[in-house]
Amino acid sequence: MSSQGRGSAAVAAAVAVVCLLLVLNFEVAQAATYKVGGANGWTFNVVSWPKGKRFRAGDTLLFSYNPQAHNLVVVNKDGYDKCKAPARAKTYSSGSDQIKLAKGQNYFICTFTGHCESGMKIAVNAA
């Protein structure tokens, strides 16, 4: 009878592990990928692109652009508001950059002269 008790405990533990893996997999499956700017990609006048979209921490933003004409810089609110990258800001220039959103506000700009001022910036709030 005692061996049945150990067997039942092992089955219960296995079921618990499987349930945990399913929950973790469900969370990962919920992450979405968004192409910033839609069909036009990361370009001028994308500042309003995030409006009406619901972002979650872990979602991925795909920035697609011509790397000879634009770049992508992760900034803080001050950098976003002033269209100026702070020292040591992370700059991307591949033309196809994928950024995973952190919880809270996420800010992105292009630092080519005049681009940010022409609406090449977005602020994304991830729940």
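The values are calculated or read from the model by the stated rules, or taken from the named source; none is laboratory data. Fair warning: this is a prediction, and the values are worked out from it, not measured in the lab. Cβ: placed from backbone, ideal geometry, glycine included. Neighbour counts: every protein chain shown.
Structure values in brief
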read-out: Residue among ARG56, ARG88 that alone is of a type in the set (D, E, K, R) and closer than 28 Å to GLN30 by Cβ; value: ARG56
read-out: Scope segment 31-88; condition of a type in the set (Gly, Ala, Ser) and in a loop (DSSP other than H, G, I, E, B); matching residues; value: ALA31, ALA32, GLY37, GLY41, SER48, GLY52, ALA57, GLY58, ALA69, ALA85, ALA87
read-out: Residue list for segment 82-127, restricted to those being surrounded by fewer than 17 Cβ atoms within 10 Å (Cβ to Cβ), under 20 Å from the mean Cα position of the chain (by Cα) and within 18 Å of PHE44 (Cβ to Cβ); value: SER93, GLY119, ALA123
read-out: Qualifying residue in segment 67-86 (condition: at pLDDT below 95, touching a helix residue (DSSP H, G or I) at 6+ places or on another chain (Cβ under 7 Å) and farther than 14 Å from TYR34 by Cβ); value: yes
read-out: Count of residues meeting criterion [more than 14 Å from PRO67 (Cα to Cα) and touching a residue at least 60 places away in the same chain (Cβ under 8 Å)] in segment 109-119; value: 2
read-out: Residue under evaluation SER96, criteria (1) touching a Pro at 6+ places or on another chain (Cβ under 9 Å); (2) within 20 Å of ASN125 (Cβ to Cβ), criterion not met; value: (2)
read-out: Residue list for segment 87-127, filter: of a type in the set (Asp, Glu) and out of contact with any strand residue (DSSP E or B) (no Cβ under 9 Å at 6 or more places or on another chain); value: GLU117
